[in-house]
Amino acid sequence: MKSGNIQSGRQVFIADLVAGLSVAFILLPEAVAYAGIAHLPIQAAVTGAIVGLIGYACLGGSPFAVVAPTSSAAALLAAVVLSLRPGNSHLAAGFGAALVILTGIGLIIFAKAGLGRLSAFVSRPVLRGFSFALAITIIIKQLPLLVGISVSGTAPLPLLLEVVGRTHDWSIWSAMIGFSALLILAILKHWPSVPGAFLVLITGIVLSNHLNLGDLQVATVGAVSIKMPELNMPGIALEQWLQLAEMAFGLMVILVAESWGSIRSLSLNHGKAVEPNRELSALGIANLFSGFLQGMPVGAGFSASSANESAGAQTKLAGVCAAVVLLVMATFGQHWIGEIPETLVAAAVINALSHALNPMALIRLWRMDRDQYLAIAAVAAVLAFGVLHGMLIAIGLSLAAAMRAFSLPLVRELAELDDTRDYVDRQNHPDSKVRPNILILRPEEPLFFASVEGILSESLKRLLARDDVQLLIISLEETANLDSTTVECLSEFVDQLKHRQKILLLARVKDPISHLLLNWSADKFQDKLFWSVNDAVMAAEKLGGGN
């Protein structure tokens, strides 16, 4: 038995080692590419990847998640930093590190507050629209590098028009190498186990060593310096910290939405459970230390995490192996990284984001006829106003959609199914029996500060439409607890009904709600709270509701 366990452990270790190697070969080209998107040194991306991989391995719950810099986080970081107009690269790096630190702190606070499902702030249609537009924006911004020209524009459409309009200025060799790389990467996608981006970059290094690319007008990454990072706090003014804190929430939401989607879907595929608050805390601590070490923001990107799963990862040791291999390659391969042609870096970025250009997710919304305009609005916001303001608008759209749903409360009338004492939706069961002088309503959503006034208003409207009804029963089966606003609104509602000579009873009342209401106002709720709808109906009949 012991020998069998050793053999099994060795097999798991080998599987994790192979997966770690595969992931490292993906992360190195991504680090080069995403550092360019963020306008930061390559060291910032490598540091973020190593810290994210090791930090998540120590604290996270998924054996497949690869926590490293992502394209969306890199683009958002660049947009935030540039909006503060840093005067030099040192100050820009300080802004970036501060933003990552604040994001990490925010994630930890939300985790400790039990708000692990922060991604609910962004609906999936809005997130898909944002990701689609972000991919378009980043890809367009890679085109000048791909064809070897400098451009003046920054907005996606003017930049695209400028690149297309200046075909006579393209570097022929740069364009040939870049488009050839895109074709090769597209072909290699048919073999997911082959690290296409890594092989393309290695080919570029070989070309740099055998050809004088400068004479061919093919730019390279240039000198790269990767050294041991120091743990320190960015030296920026308090006012700038406060400005960055305002922007950190948006980066938090995007990181969590992206990461939770990857972690949850991969875990479900393997029948494993993950705890949202633990994942949020792990992401927060990884980002906190990445920021202190001047690294980039990190999250669990779907492409790298899926590659880790496909490569056969068994435990979180695969992430540690990937971090070690990445560290070795970055430390001893600095000179070679500097010789990578920029057109190949652009090709690697475009290839990494090509999956996000698949419009099927948006098309399915049109087929479903649900939320398609939210997704289109998110796309338009990013393309029209840029990544930063587009992201804020996207979050605003999600919140507006949620508020609209809360402002249109859905309340069902219940009636007894035959003589079973079971109360069902009257609309779907027209033969169910209505109790005389009693109206039974069930809100289809929990009562809380954003929904309670709309639900009670709709309930009063239904009650006043029935002249024969004196007793109103509201079933709280969808409500687990109450906040202070809801308690006050229910108390005021009791007074409002009493003024109209009507009585309110509450059914399906859970213990926390019962204790809270009785402590708040025992004279209003004593003998008015019941375990079941049937108990409330029986009490109503004793009060004269059945006559």
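The values are calculated or read from the model by the stated rules, or taken from the named source; none is laboratory data. This structure is a prediction, so every number in the text was calculated from the model and none was measured. Because the Cβ atoms are built from the backbone with ideal geometry, glycine has one as well, and the counts that use them run over all protein chains shown. The protein model used for the area step is the full one, side chains on, heavy atoms only, and it has no ligands, DNA or RNA in it. Shrake-Rupley method; radii C 1.70, N 1.55, O 1.52, S 1.80 Å.
Tabulated data
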{"item": "Residue selected from the stretch 94-119 under the condition in a loop (DSSP other than H, G, I, E, B) and not hydrophobic (A, V, I, L, M, F, W, C), by the criterion nearest to Leu288 (Cα to Cα)", "result": "Gly116"}
{"item": "Looking only at the stretch 289-310, and only at residues there that are open to solvent by 30 Å² or more (accessible area, probe 1.4 Å) and over 30 Å from Ala223 (Cβ atoms), the one that is nearest to the chain's Cα centre (by Cα)", "result": "Phe302"}
{"item": "Members of the stretch 161-184 found to be under 32 Å from the mean Cα position of the chain (by Cα) and surrounded by 18 or more Cβ atoms within 10 Å (Cβ to Cβ), listed by number", "result": "Gly178, Ala181, Leu182"}
{"item": "Of the criteria (1) in contact with a Phe, Trp or Tyr (Cβ under 8 Å, 6 or more places away or on another chain); (2) over 19 Å from Val411 (Cα atoms); (3) of a type in the set (A, V, I, L, M, F, W, C), which one Ile513 fails", "result": "(1)"}
{"item": "Matching residues in the stretch 187-232 - criterion: being assigned to a helix (DSSP H, G or I), open to solvent by less than 50 Å² (accessible area, probe 1.4 Å) and touching a helix residue (DSSP H, G or I) at 6+ places or on another chain (Cβ under 8 Å)", "result": "Leu188, Gly196, Ala197, Phe198, Val200, Leu201, Gly204, Ile205"}
{"item": "Condition check for Lys112: surrounded by fewer than 19 Cβ atoms within 10 Å (Cβ to Cβ) and under 18 Å from Phe302 (Cα atoms)", "result": "no"}
{"item": "Helices (runs of 4 or more DSSP H) fully within the stretch 462-547 counting 2 or more residues that are without any contact (Cβ under 8 Å) to a residue 40 or more places away in the chain and open to solvent by less than 20 Å² (accessible area, probe 1.4 Å)", "result": "484-499, 511-520"}
{"item": "Test: residue in the stretch 425-437 that is in contact with a Gly (Cβ under 8 Å, 6 or more places away or on another chain), under 21 Å from Asp535 (Cα atoms) and among the hydrophobic types (A, V, I, L, M, F, W, C)", "result": "no"}
{"item": "Ala57 touching a strand residue (DSSP E or B) at 6+ places or on another chain (Cβ under 9 Å), surrounded by 24 or more Cβ atoms within 10 Å (Cβ to Cβ) and in contact (Cβ under 8 Å) with a residue 60 or more places away in the chain", "result": "no"}
{"item": "Selected residue [among the charged types (D, E, K, R), surrounded by fewer than 19 Cβ atoms within 10 Å (Cβ to Cβ) and farther than 21 Å from Ala536 by Cα] from Glu445, Glu413, Glu453, Glu458", "result": "Glu453"}
{"item": "Condition broken by Ile236, with the remaining ones in (1) outside any helix (DSSP H, G or I); (2) of a type outside the set (Lys, Arg); (3) open to solvent by 50 Å² or more (accessible area, probe 1.4 Å) satisfied", "result": "(3)"}
{"item": "Count of the stretch 385-410 residues which are open to solvent by 60 Å² or more (accessible area, probe 1.4 Å) and among the hydrophobic types (A, V, I, L, M, F, W, C)", "result": "8"}
{"item": "Residue selected from the stretch 336-358 under the condition open to solvent by 40 Å² or more (accessible area, probe 1.4 Å) and at pLDDT 85 or above, by the criterion nearest to Ser262 (Cα to Cα)", "result": "Glu342"}
{"item": "Only one of Gln43, Gln11 that is open to solvent by 30 Å² or more (accessible area, probe 1.4 Å), of a type in the set (S, T, N, Q) and in contact (Cβ under 8 Å) with a residue 40 or more places away in the chain", "result": "Gln43"}
{"item": "Some residue of the stretch 114-134 being under 28 Å from Glu258 (Cα atoms) and at pLDDT 90 or above", "result": "no"}
{"item": "Search result, residues across the stretch 146-178 that are free of Cβ contacts under 8 Å to residues at least 60 places away in the same chain, in a helix (DSSP H, G or I) and of a type in the set (A, V, I, L, M, F, W, C)", "result": "Leu159, Leu160, Leu161, Val163, Val164, Ile172, Trp173, Met176"}
{"item": "Where Ala98 falls short, out of the listed (1) small (Gly, Ala, Ser); (2) open to solvent by 10 Å² or more (accessible area, probe 1.4 Å); (3) farther than 30 Å from Gln314 by Cα", "result": "(2)"}
{"item": "Within the stretch 239-282, tally of residues that are among the aliphatic types (A, V, I, L, M), closer than 22 Å to Ile393 by Cα and either in contact with an Asp or Glu (Cβ under 8 Å, 6 or more places away or on another chain) or open to solvent by less than 40 Å² (accessible area, probe 1.4 Å) (or both)", "result": "9"}
{"item": "Checking Val328 against (1) open to solvent by less than 30 Å² (accessible area, probe 1.4 Å); (2) out of contact with any strand residue (DSSP E or B) (no Cβ under 9 Å at 6 or more places or on another chain); (3) aliphatic (A, V, I, L, M), the condition it does not meet", "result": "(1)"}
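Residues checked against (1) open to solvent by 50 Å² or more (accessible area, probe 1.4 Å); (2) modelled with pLDDT under 90; (3) touching a Phe, Trp or Tyr at 6+ places or on another chain (Cβ under 8 Å):
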position	(1), (2), (3)
Met1	yes, yes, no
Ile6	yes, yes, no
Ile26	no, yes, yes
Glu30	no, yes, no
Thr47	no, no, no
Ile50	no, no, no
Ser71	no, yes, yes
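Conditions (1) out of contact with any Leu (no Cβ under 7 Å at 6 or more places or on another chain); (2) under 24 Å from Ala405 (Cβ atoms), marked per residue:
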{"residue": "Leu463", "(1), (2)": "no, yes"}
{"residue": "Arg466", "(1), (2)": "no, no"}
{"residue": "Ile473", "(1), (2)": "no, no"}
{"residue": "Thr486", "(1), (2)": "no, yes"}
{"residue": "Gln501", "(1), (2)": "yes, no"}
{"residue": "Phe525", "(1), (2)": "no, no"}
{"residue": "Lys528", "(1), (2)": "no, no"}
{"residue": "Lys542", "(1), (2)": "yes, no"}
